[in-house]
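One structure is given here, and the rest of the page talks about it.
The values are calculated or read from the model by the stated rules, or taken from the named source; none is laboratory data. In this text the structure is predicted, and so the values were computed from the model without any measurement. Here the Cβ positions follow ideal geometry from the backbone for every residue, glycine too, while neighbour counts run over all protein chains shown. Please note that ligands, DNA and RNA were not included when accessible areas were found on the heavy atoms of the full protein model with its side chains. Shrake-Rupley method; radii C 1.70, N 1.55, O 1.52, S 1.80 Å.
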Amino acid sequence: MEDKRCYFAVDLGATSGRTILGTLADGRLEQEELTRFPNNLIETGGHFYWDIYALYFEMIRGLKEVARRGITLTSIGIDTWGVDFVFIGDDGALLRNPMAYRDPHTFGRMEEYLRDVVSRRDVYDITGIQFMNFNSLFQLYAMRKDGNTALKHCKKVLFIPDALSWMLTGEEVCEYTIASTSQMLDPKTGDLSEKLIESVGLTREHFGRMVQPGTQIGVLTEEVQKMTGLGPVPVIAVAGHDTGAAVAAVPAKDEQFAYLSSGTWSLMGIETKEAIINDRSYELNFTNEGGIEGTTRFLKNICGMWLYERCRKEWPEEVRQLSHPELQGSAMQVEAFRSIINPDDKMFANPSSMIEAIQQYCRQTGQPVPETPAEICRCIFDSLALRYRQVFGWLKEFKNPTENRGEQGQIKVLHVIGGGSLNKFLTQFTADACGVEVLAGPQECTAIGNIMLQAKAASEREQHQACLGAAEHEQARQNGKASGSVRDVWEMRAIIANSVEMVAYHPSGDQAAWDQAYQRYLEITK
């Protein structure tokens with residue numbers, strides 16, 4: 001039996017967080033949730049902030065539980081949501097809690113910046129990132145215009161996972177995947193763009209050294225060791241952006257795949273060797289975010305189960321008490337493609353009533369108006385699947401821009417990960433609409449990616465320390481004698497595939513009906 005290795009993952013979302021103990025042995029991964037806690041927004045002085053000290057407290061609480069159990073940790077890794085950051089002063093102290101991306105101070109500022117400072121096309125040509133008003137670039141611009149005193153007096157700007165790692169280690173870094181969400185990273189140079197940094201009154205020295213996923217940041221400070229009862233445990237810069245960690249956990253067997261991270265929002269994309277920044281990607285508003293092992297996550301944001309979740313809150317109590325399978329099952333009895341919407345139409349961004357917005361869209365496009373929960377649910381699922389088909393077609397176009405790339409440039413499978421992978425009806429629709437095999441799972445992909453990137457980093461440290469040659473390591477791996485760590489992303493993904501249950505969905509064969517519905521979708525949404 002292999003040695004068991006234990007990894008501590010901190011997985012923070014915009015509403016809640018958790019700490020997870022991951023163990024890796026015999027080529028299989030197991031997870032145990034140690035703690036779960038809310039991530040509350042603080043509203044004060046007309047602004048919204050994250051409570052960075054509360055998140056730090058919860059990390060320490062989880063580490064104390066590890067020490068109480070007498071567990072020896074191999075390492076620690078942290079992933080969070082993107083774009084937000086903290087300011088550090090000259091005295092090494094935090095300059096107030098970080099402002100949240102949901103704060104309205106950026107409203108109208110993106111348009112102002114793109115008009116008066118750097119043009120929209122120039123920003124996209126540098127970063128390849130889609131435009132959202134809360135991206136770090138526009139947050140910093142808004143703060144500078146508003147005379148934010150924390151920005152004025154800061155020595156360092158650290159993105160949220162980097163700030164929490166700094167609180168554990170005292171080391172200031174800028175992890176690549178989280179930096180890519182800022183709309184200030186130039187993927188061609190692999191570093192922050194000086195032009196964009198200077199446009200908001202900062203310099204490169206205001207940010208930590210750039211590190212790639214799998215880099216050891218440092219070890220727990222003596223202060224943290226004393227508080228937790230642990231020793232100098234290494235802290236690893238995993239894919240600090242939670243979507244980056246999730247995509248790292250896609251259990252693909254080769255490069256011929258696309259992914260759909262499905263939840264409240266859907267992220268559909270491919271892994272590429274280099275960023276794709278051209279007229280077509282600009283026109284379609286695709287984004288290029290940092291990935292693992294030098295890859296790019298070329299993807300598009302799609303409004304996912306947000307539509308369904310909002311409608312469910314509006315339906316009567318007797319409907320809300322139905323389980324998801326019961327409610328969704330009733331929708332399957334409704335006529336297919338009766339009503340179709342564009343899920344990404346701006347009228348669905350945050351309406352006062354999602355039900356009324358869907359009904360209004362159908363009226364304006366001359367379609368039957370869905371009235372019952374089953375009809376509305378069916379409308380949402382049909383429409384999402386057709387939108388997935390549209391984006392999937394674009395991805396195939398970008399994956400294989402020429403006809404001479406052969407099979408290597410094809411997409412043969414779509415991996416659906418995240419909570420939405422449990423929705424068997426929408427997943428089957430996705431297979432039918434896209435005409436491709438869909439593999440659903442894992443659900444908890446972000447924590448899995450966090451843990452497996454730590455395991456990869458442990459393997460690299462061991463090889464370096466032991467001066468183990470590649471041939472020896474490969475032989476040890478083939479013989480099943482390698483320790484509870486992994487060599488590269490494909491070994492990572494093989495272990496994940498061996499550790500989680502995936503459900504396969506294949507096109508049902510009614511392709512003509514989906515083709516006809518897709519033509520209607522294109523007419524309605526144009």
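General observations
- Test: residue in the stretch 176-186 that is crowded, with 24+ Cβ neighbours inside 10 Å and touching an Asp or Glu at 6+ places or on another chain (Cβ under 6 Å): yes
- Residues (polar (S, T, N, Q), open to solvent by 20 Å² or more (accessible area, probe 1.4 Å) and either assigned to a helix (DSSP H, G or I) or within 18 Å of S266 (Cβ to Cβ) (or both)) located in the stretch 314-364: S330, N342, N350, Q359, Q360, Q364
- Entry remark, the stretch 231-279: residues being among the aliphatic types (A, V, I, L, M), open to solvent by less than 20 Å² (accessible area, probe 1.4 Å) and in a loop (DSSP other than H, G, I, E, B) number 6 in total.
- Test: residue in the stretch 409-418 that is at pLDDT 95 or above and basic (K, R): yes
- Scanning the stretch 365-374 for residues that are open to solvent by 10 Å² or more (accessible area, probe 1.4 Å) and within 13 Å of C311 (Cα to Cα) yields E371, T372, P373, A374.
- Members of the stretch 501-526 that are under 23 Å from V416 (Cβ atoms), out of contact with any Asp or Glu (no Cβ under 6 Å at 6 or more places or on another chain), open to solvent by 40 Å² or more (accessible area, probe 1.4 Å) and outside any helix (DSSP H, G or I): E501, M502, V503, A504, G509, D510
- The stretch 27-37 - residue that is in contact (Cβ under 8 Å) with a residue 40 or more places away in the chain and charged (D, E, K, R) and, of those, surrounded by the most Cβ atoms within 10 Å (Cβ to Cβ): R28
- L414 being among the aliphatic types (A, V, I, L, M), open to solvent by 10 Å² or more (accessible area, probe 1.4 Å), assigned to a strand (DSSP E or B) and closer than 29 Å to A239 by Cα: no
- Qualifying residue in the stretch 282-291 (condition: among the polar types (S, T, N, Q), part of a loop (DSSP other than H, G, I, E, B) and in contact (Cβ under 8 Å) with a residue 40 or more places away in the chain): yes
- In this structure, N288 qualifies as at pLDDT 95 or above and closer than 22 Å to A14 by Cα.
- Selection of the stretch 171-200 for residues being touching a residue at least 60 places away in the same chain (Cβ under 8 Å) and either more than 23 Å from A248 (Cβ to Cβ) or part of a strand (DSSP E or B) (or both) yields E172, V173, E175, L185, D186, S193, K195, L196, S199, V200.
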